[in-house]
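These notes are about the structure you will find just below.
The values are calculated or read from the model by the stated rules, or taken from the named source; none is laboratory data. Quick caveat, the model's predicted, so the values are computed rather than measured. Positions of Cβ are backbone-derived with ideal geometry, glycine not excepted, and every protein chain shown enters the neighbour counts. What goes into the accessible areas is simple: the full protein's heavy atoms, side chains included, and nothing from ligands, DNA or RNA. Shrake-Rupley method; radii C 1.70, N 1.55, O 1.52, S 1.80 Å.
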Amino acid sequence: MSAIALKPVVVLVSGRGSNLQALLERADVEHWQTSLGATIAAVVSSRASAAALDVARSQSIPVHVVAPEEFSSRAAFDAALATAIEPYAPELIVLAGFMRLLTPAFVRRFAGRLINIHPSLLPSFPGLATHRRALEAGVRVHGATVHFVSDQVDAGPIIAQAAVAVHADDDEASLAERVLQQEHRLLPRAVRQVLEGRVRYVDRRAVFKDIAQGELSLLAT
Ligand code: GRF
């Protein structure tokens, strides 16, 4: 039997790694290979101390650290990041808690192959401290978004969203926790849809094929 080449996926991280963990658990290694025909080929972190690296190592996934403080410019950092990623020839690059802004040159280089998870219902609350800002704004519905990466911060064609009801007694921590639970459902699902070719990036838009109603939106209370 000849070996079938698996589609390589590279995951970029900076911190805790719970979304990476969810990707591995909800589409476990065997499933990744047999059903998706894909594999997480490498995890690249912008922080040497990121717990996400331990998650990767526990699954024997190759890890790389590209630390911004070692580079004099964003362009130089992004060039090093691209050098770490390129050898894996990834079909898809997943930003799962990757806390760096990418230069337009980097985004162009991997256009259509970069997706990000952001803890808000974009286009509301791009940037940091999304849960605090959602509470301050008094929104009744908050959530998370998976989108293709464009050269604007937390923008780019939306793939899928999870909505979370804001409770009257929520604080930043409780809201963050409920949104995170939904992120862990949303990201593996979106990754699968992209790998299956049911969501594609065409002319700066997300194009959907054979997606059933409800597959791209999750609602939680
Ligand atoms: C998540 O909330 C993600 O949406 C945001 O950063 C956080 C990363 O968490 N971009 P983790 O490292 O996956 O646990």
With the structure loaded, tell me whether Glu136 is within 26 Å of Ala48 (Cα to Cα), surrounded by fewer than 17 Cβ atoms within 10 Å (Cβ to Cβ) and at pLDDT 95 or above or whether it fails that test.
no
Have a look at Gln161, Gln193 and point out the one that is polar (S, T, N, Q) and open to solvent by less than 30 Å² (accessible area, probe 1.4 Å).
Gln193
Residues being within 11 Å of the ligand (Cβ to nearest atom), open to solvent by 20 Å² or more (accessible area, probe 1.4 Å) and under 24 Å from Lys7 (Cα atoms): count how many of those fall in the range 96-126.
1
Take the range 140-154 and flag every residue that is within 14 Å of the ligand (Cβ to nearest atom), open to solvent by less than 30 Å² (accessible area, probe 1.4 Å) and not hydroxyl-bearing (Ser, Thr, Tyr).
His142, Gly143, Ala144, Val146, His147, Val149
Tell me, which residue of the range 173-190 that is of a type in the set (Gly, Ala, Ser) and crowded, with 16+ Cβ neighbours inside 10 Å is modelled with the lowest pLDDT?
Ala190
Of the conditions (1) within 24 Å of Val10 (Cα to Cα); (2) touching a residue at least 24 places away in the same chain (Cβ under 8 Å); (3) touching a Lys or Arg at 6+ places or on another chain (Cβ under 6 Å), Arg198 satisfies every one except a single condition; which number is it?
(2)
Residues in the range 71-95 that are of a type in the set (Val, Ile, Thr) and more than 16 Å from the ligand (Cβ to nearest atom) total 2
Could you tell me whether any residue of the range 161-175 is in contact (Cβ under 8 Å) with a residue 60 or more places away in the chain and of a type outside the set (Gly, Ala, Ser)?
no
